[in-house]
1. Looking at (1) modelled with pLDDT of 75 or more; (2) over 17 Å from M74 (Cβ atoms), find the lone condition where W23 falls short.
2. Restricting attention to the range 34-69, and to residues there that are β-branched (V, I, T) and not in a loop (DSSP other than H, G, I, E, B), which single residue is surrounded by the most Cβ atoms within 10 Å (Cβ to Cβ)?
3. Determine which member of the set F93, F82 is at positive phi and either in a loop (DSSP other than H, G, I, E, B) or modelled with pLDDT under 90 (or both).
Amino acid sequence: MRVTGFRWWLDLWSIEEDANVSWDWFYSRCIRIVGNGRNTSFWRESWCTSTPFCDRYSRLFTITTTKDISVLNMFVCREGGFGWNWSWRRPLFH
């Protein structure tokens with residue numbers, strides 16, 4: 001198999017199967033493969049942890065104005081980096 005691409009992926013594919021590592025070691029530890037994030041709900045799906053953020057951070061979920069936003073639309077590029085598109089119906093710590 002010829003694998004091309006980023007060095008990180010090449011390193012992943014170079015890991016050989018043995019008694020401690022099975023062929024599906026990577027996918028068995030993934031919560032969800034997000035891809036571009038368009039079809040993954042930021043709040044309602046388990047994409048980053050084993051619990052959806054709406055359950056894990058239920059108090060924040062109750063005050064967000066973007067309950068149905070996708071991961072793609074939550075992620076924003078900013079000058080000098082990236083961030084999240086938070087939107088609350090009231091100020092935090094109020």
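1. (1)
2. Looking at the filtered set, the residue picked out is T64.
3. On the way: F82 fails: at positive phi.
F93 is the lone residue from the list that is at positive phi and either in a loop (DSSP other than H, G, I, E, B) or modelled with pLDDT under 90 (or both).
The values are calculated or read from the model by the stated rules, or taken from the named source; none is laboratory data. Keep in mind that what you see is a predicted model, and the values were worked out from it rather than measured. Positions of Cβ are generated from backbone atoms using ideal geometry, with glycine treated the same way; all protein chains shown enter the neighbour counts.
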